[in-house]
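The values are calculated or read from the model by the stated rules, or taken from the named source; none is laboratory data. Predicted, not measured: the structure shown is a model, and the values here were computed from it. So basically every Cβ, Gly included, is an ideal-geometry build from the backbone, and we count neighbours across all protein chains shown.
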Amino acid sequence: MLTIRPLRTEDRPAARALLAAEGTRHAYAARAIEILDAVTAARENTEYDATVAEEDRVVVGVVLHGTVAGSVGAGMLYGGAVAPTARRRGVGRALVEGAVASLAAAGSRVVFAELPDAAALADVQSLLRRSGFAETGRVADLVRDGVAMVVWRREAEGVP
């Protein structure tokens, strides 16, 4: 049975391993590991948080999220990963929904995600679309020559 819940201290090694493995798939996972380290270094941290997917007492996914510093009611998805054995079974979508619900409970009215428009991230773009996010902006050549940064947005209203 799949459980979506907040990250616990003992989940850190598994979450870090998932994010590191994601880094072998594409070059954009390093920031997510930094955010995970910030989440676990100071639990009083109010900017970043993490949600995990657990199956049979094994962490099979993680998503990093938080409030946008200086904003009123804006949340952000910062990155995540799902174990290869757990992909294509709704784990990623459950993680996104869990993160959005957590952000909504903390007062976010809208949730953003910024994602390089890279072929290696096509599955993440698809996940965002299926989870109700819409592309709302694009900055050409922001990440590096030829790679645009895409801004995705979803309203957090009505999230249980």
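When residues of the range 19-64 are filtered for being within 21 Å of residue 142 (Cβ to Cβ) and at pLDDT 90 or above, how many remain?
1
Taking strands (runs of 3 or more DSSP E) that do not extend beyond the range 92-160, which have at least 2 residues that are among the basic types (Lys, Arg)?
134-144, 147-155
Somewhere in the range 24-46, is a residue in contact (Cβ under 8 Å) with a residue 24 or more places away in the chain, in contact with a His (Cβ under 8 Å, 6 or more places away or on another chain) and outside any loop (DSSP other than H, G, I, E, B)?
Within the range 24-46, not a single residue is in contact (Cβ under 8 Å) with a residue 24 or more places away in the chain, in contact with a His (Cβ under 8 Å, 6 or more places away or on another chain) and outside any loop (DSSP other than H, G, I, E, B).
Of (1) surrounded by 20 or more Cβ atoms within 10 Å (Cβ to Cβ); (2) over 24 Å from residue 2 (Cα atoms), residue 99 satisfies all except one. Which?
Looking at each condition in turn, residue 99 falls short on (2).
Is it fair to say residue 138 is on the phi < 0 side of the Ramachandran plot, of a type outside the set (A, V, I, L, M) and free of Cβ contacts under 8 Å to residues at least 60 places away in the same chain?
yes
Within the range 50-80, track down each residue that is over 22 Å from residue 27 (Cβ atoms) and either touching a residue at least 60 places away in the same chain (Cβ under 8 Å) or surrounded by fewer than 17 Cβ atoms within 10 Å (Cβ to Cβ) (or both). Write out each step before concluding.
The first filter runs over the range 50-80 and keeps only residues over 22 Å from residue 27 (Cβ atoms), leaving 51-60, 66-75.
If the condition is that a residue be over 22 Å from residue 27 (Cβ atoms) and either touching a residue at least 60 places away in the same chain (Cβ under 8 Å) or surrounded by fewer than 17 Cβ atoms within 10 Å (Cβ to Cβ) (or both), then 55, 56, 57, 58, 68, 69, 70, 71, 72, 73, 75 are the ones that fit.
Could you check how many residues of the range 102-137 are of a type in the set (Gly, Ala, Ser) and surrounded by fewer than 18 Cβ atoms within 10 Å (Cβ to Cβ)?
Count: 10.
Would you say residue 18 is in a helix (DSSP H, G or I), touching a residue at least 60 places away in the same chain (Cβ under 8 Å) and either charged (D, E, K, R) or at negative phi (or both)?
Numbers: in a helix (DSSP H, G or I): yes; touching a residue at least 60 places away in the same chain (Cβ under 8 Å): yes; either charged (D, E, K, R) or at negative phi (or both): yes.
So residue 18 passes the test.
Which condition number in (1) farther than 20 Å from residue 35 by Cα; (2) surrounded by 13 or more Cβ atoms within 10 Å (Cβ to Cβ); (3) modelled with pLDDT under 90; (4) not β-branched (Val, Ile, Thr) is the one that residue 144 fails?
(2)
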